[in-house]
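Every number here is computed from the coordinates shown, using simple stated rules; none is lab data. On a predicted model such as this, the values are computed, not experimentally measured, just so you know. Neighbour counts are summed over all protein chains in view; Cβ atoms, including those assigned to glycine, are modelled from backbone coordinates with ideal geometry.
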Amino acid sequence: MPENFIQDIITEDLKEGKYGGRVRTRFPPEPNGYLHIGHAKSICLNFGLAQANGGLCNLRFDDTNPTKEDVKYVESIKEDVRWLGFDWDDRCYYASDYFEELYEFAIQLIKAGKAYVCDLSPEEIKEYRGTLTEPGKESPYRNRSVEENLDLFRRMRAGEFPNGSRTLRAKIDMASPNLNMRDPVLYRIIHAPHHRTGDKWCIYPTYDFAHPLSDAIEQITHSICTLEFADHRPLYDWLIENVDFSKFGPVKPKQIEFARLNLTHTVMSKRKLRQLVERGYVSGWDDPRMPTIAGLRRRGYTPEAIRDFCERIGVAKRNSIVDIALLEHCVREDLNKRAPRVMAVLRPLRVVIDNYPDDQVEWLEAENNPEKPEMGTRRVPFSKVIYIEQDDFMENPPKKFYRLAPGREVRLKNAYIIRCDRVVKDERTGQVIELHCSYDPNTKSGSPGANRKVKVTLHWVSAAHAIPAEVRLYDYLFLSENPDELEDFLSDLNPNSLQRLESCMIEPSVAGAPPGTRYQFLRQGYFCVDPDSTPEKLVFNRIVTLKDEWAKVAGTR
RNA sequence: UGGGGCGUCGCCAAGCGGAAAGGCAUCAGCCUUUGGAGCUGACAUUCGCAGGUUCGAAUCCUGCCGCCCCAGCCA
């Protein structure tokens, strides 16, 4: 893991012998949605930092609000963390496991005169809180006796009071310039079943109360969170200082904040992602265009590429938007080494090789990956009628177009050099529907005559042997780099973010490939078999294109 | 007009008083049976701005300017 300011802090702590040389972090998702690439940054950071410093990282579900959370998210979160390549062993915890201990901590504070039951309504609490520039007013219930507070708090737990009627508040400072210190709510009454504790509780701790103390219970040394919690740190520290949790150990956890990840051409907030799903702009949380882990996985991204990305973006406190081109670079780099090459024609154009024997089929040898000879070779069938890409032919080619055109020669990858002799067009539309070519038998790949230079090599597929497939091409979900700064981010949705090509032709070697199999389609990009595939028809997702010099020249990029 | 955080190349990001790492992107060339990959080279006399301290400042001081976060019984 590369150096960053948090590692610097850990290094310093280790040097000073703080925490007895222990490092313990935690990844604390709330089970109320799916994980996205921003979470991946946090996961890589927390697990990575622990790993790099001989420590461990816990998985802890921050499930203190039963009205927003659901077990269904727990499994997906675990699956995503595991898929990213991290392991919490038997350390999967829940804040709800600590409800009894947290309750005791609250009793402690009450007994010490540092917390009180407040009968103000939510609206009144808001009024009493003051504003950014004016101090708040003390609650009239602030100076209840310890006995009364104890009694009331027990009765809150017993379910004697309705939702919102009372809260437990810390007694700190209503005049603090930091609003979080103006007697923050520690417990609220919520008569709702919890996904893990059922109806055992009707009072639930707030994040502010539960988080630092859960960290203390788990003896977390470095509690890493995002920037917006910086204002909560004084409260975090206040609780760590004012609660006696020594029976759990001597470590006093400390909170460290870093900037969350933003990516160009997408949105990251759960609220916005949820809108995309619920309003049907995407097919689900795992739509391959989504920045969710599930979406990236389905798209075909590898965990290695995502981890590499998370390392390269660095960790700092500056709000930033990372160019999605870096993520794309990371998958390309990973897949270039790993993905077998295969030929697939996305928009087929029929080519008849007039001088090739009618019924002849040659099985030609093709490298699976020129970057890695040890990945071996395979045989691809060549015959009289083949398909090439429509984009690889132009009747009136512009200047820098190197591909096939009337009278021009190109090489067919792993096969022969062909020349275009005749163009067949649809009489009414003028559309090119077929090409007649001739091949040079002396130019077979690997033979001495194959050395002749031609400008470019095309991919192709034998018509009689090709298997049909659907290919889904993806583009950015949003047109602008930062849809977050728009009044209406939905107005920025890219109408062409998904393009389905239903009649693609692929070389027969890919037949039967299971979902999740990744290939490089020669000259086009990296593709992954989608779970929508059936025995009759494979469905592929384009993970990312190859870099495309021609697209740049032609201005189609 | 409160508090907290942040301002180094188009995008990330090192740097912590001795004189601007690296990655992505971009551009140019080489190479290539993927216009892929690979290789080579170019790319901040300058660190939000203005003063000051110092032999010496992106790094220290002062003052401005700009951006982000906070008034949920969300996290």
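Could you tell me which of rounded, prolate or oblate describes segment A:141-281, using a ≥ b ≥ c as the square roots of the eigenvalues of the alpha-carbon gyration tensor, with rounded for a/c under 1.5 and, failing that, prolate when a/b is larger than b/c and oblate otherwise?
Note, shape of segment A:141-281 comes out oblate.
May I ask for the net charge around A:LYS372, where only other residues with Cβ less than 12 Å from the Cβ of A:LYS372 are counted and Lys, Arg are +1 while Asp, Glu are -1?
0
Only helices at least 30 Å long along their axis, Cα-based, and averaging 0.0 or more on Kyte-Doolittle count here, so list those DSSP H runs from chain A.
Helix filter hits for chain A: none.
Can you give the percent of C-alpha pairs in segment A:512-557 whose distance is more than 12 Å?
More than 12 Å apart: 62 percent of the Cα pairs in segment A:512-557.
How big is segment A:440-489 along each principal axis, measuring the range of its Cα positions in Å and listing the largest first?
64, 28, 13
Grab the other residues whose beta carbon is less than 15 angstrom from that of A:GLN390, score K and R as +1, D and E as -1, and report the net.
Summing Lys/Arg as +1 and Asp/Glu as -1 gives -2.
Strictly over 18 Å apart at the Cα level, which of A:LYS400/A:LYS455; A:LYS18/A:LYS41; A:LYS68/A:LYS272; A:LYS68/A:LYS270; A:LYS41/A:LYS317 would you flag in this model?
A:LYS18/A:LYS41
How high is the relative contact order of chain A, given as a whole-number percent (alpha carbon pairs under 8 Å, six or more residues apart)?
11 percent
P(r) tail for segment A:61-112, what percent of Cα pairs lie past 11 Å?
Distances greater than 11 Å cover 76 percent of the Cα pairs.
Along each of the three principal axes of the Cα atoms of segment A:390-441, give the extent in whole Å, ordering the values from largest to smallest.
35, 24, 16
Could you order peptides A:382-392, A:193-203 by the average number of other Cβ atoms within 10 Å of their residues, highest first?
A:382-392, A:193-203
Give the whole-number value, in cubic angstrom per residue, of the convex hull volume spanned by the C-alpha atoms of segment A:169-244.
119 Å³
Compute the distribution of all C-alpha to C-alpha distances in segment A:418-543, in bins of 10 Å from 0, and list the percent of pairs in each, rounded to whole numbers.
In whole percents, the pair-distance histogram is 10, 26, 26, 25, 9, 3, 0.
Taking the alpha carbon gyration tensor of segment A:252-354, what are the square roots of 5 times its eigenvalues, largest first, to the nearest whole Å?
After scaling each eigenvalue by five and taking roots: 34, 20, 12 Å.
Rounded, prolate or oblate: which fits segment A:347-417 when a ≥ b ≥ c are the square roots of the eigenvalues of the alpha-carbon gyration tensor, with rounded for a/c under 1.5 and prolate only if a/b beats b/c?
Oblate, since a/c reaches 1.5 and b/c is not below a/b.
What Cys residues in chain A have no fellow cysteine's beta-carbon under 4.7 angstrom?
By the Cβ distance rule, which asks for a partner under 4.7 Å, the isolated cysteines are A:CYS57, A:CYS92, A:CYS118, A:CYS202, A:CYS225, A:CYS330, A:CYS420, A:CYS437, A:CYS504, A:CYS528.
Rg to Rh ratio, chain A, alpha-carbon atoms and Kirkwood radius?
1.12
What number comes out for the charge environment of A:VAL456, summing +1 per Lys or Arg and -1 per Asp or Glu over other residues with Cβ under 9 Å away?
Charge balance near A:VAL456 sits at +2.
Order of A:44-57, A:480-493 by packing, highest average Cβ count within 10 Å first?
Highest-to-lowest ranking by the protection proxy: A:44-57, A:480-493.
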